[in-house]
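A short reminder: the numbers here are calculations on the coordinates, not readings from a lab. From a predicted model like this one, the values you see are computed outputs, not experimental measurements. Cβ coordinates were reconstructed from backbone atoms using ideal geometry, including for glycine residues, and neighbour counts include every protein chain displayed.
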């Protein structure tokens, strides 16, 4: 069973790998991803979703198609959308959503 920590680590690794290929590799702030958080809040959004928080920025995304429901992450949103499209990520998020709904 997937955990939020597993997904946070997966997204962090993906974002760092994506940015390491960029021309501005010196501008990557690795430390800002140390406090990355992924969670779900069924009381706030009734539709299946996941929320990503990076430092002071936060955005909620639909589990159906990764469309943004609220908030913003700036340029890092594109990495979240690409990561969501990777094999197995959507299924793991749906599994966590099922558990979050049961707890609520």
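Quick notes
- Multiplying the residue separation of residue 55 and residue 37 by 0.36 nm and removing their Cα-Cα distance gives an extension gain of 5.6 nm.
- Dividing the summed helix terms, -39500 (n - 2.57) for each DSSP H run of n ≥ 4, by the number of residues in the chain produces a 222 nm estimate of -12500 deg cm²/dmol to the nearest 500.
- Label of the coordinate-derived value, Kirkwood radius over Cα pairs in Å, listed as (i) 18.1; (ii) 16.3; (iii) 14.0: (iii)
- Calculated FRET value between residue 47 and residue 17, using beta carbons and R₀ = 25 Å, to 0.05: 0.25
- Remark: relative contact order (region 4-103) = 23 percent; criterion is Cα-Cα distance under 8 angstrom and separation of 6 or more residues.
- Relative frequency of Cα-Cα separations exceeding 12 Å in region 60-104, percent: 65 percent
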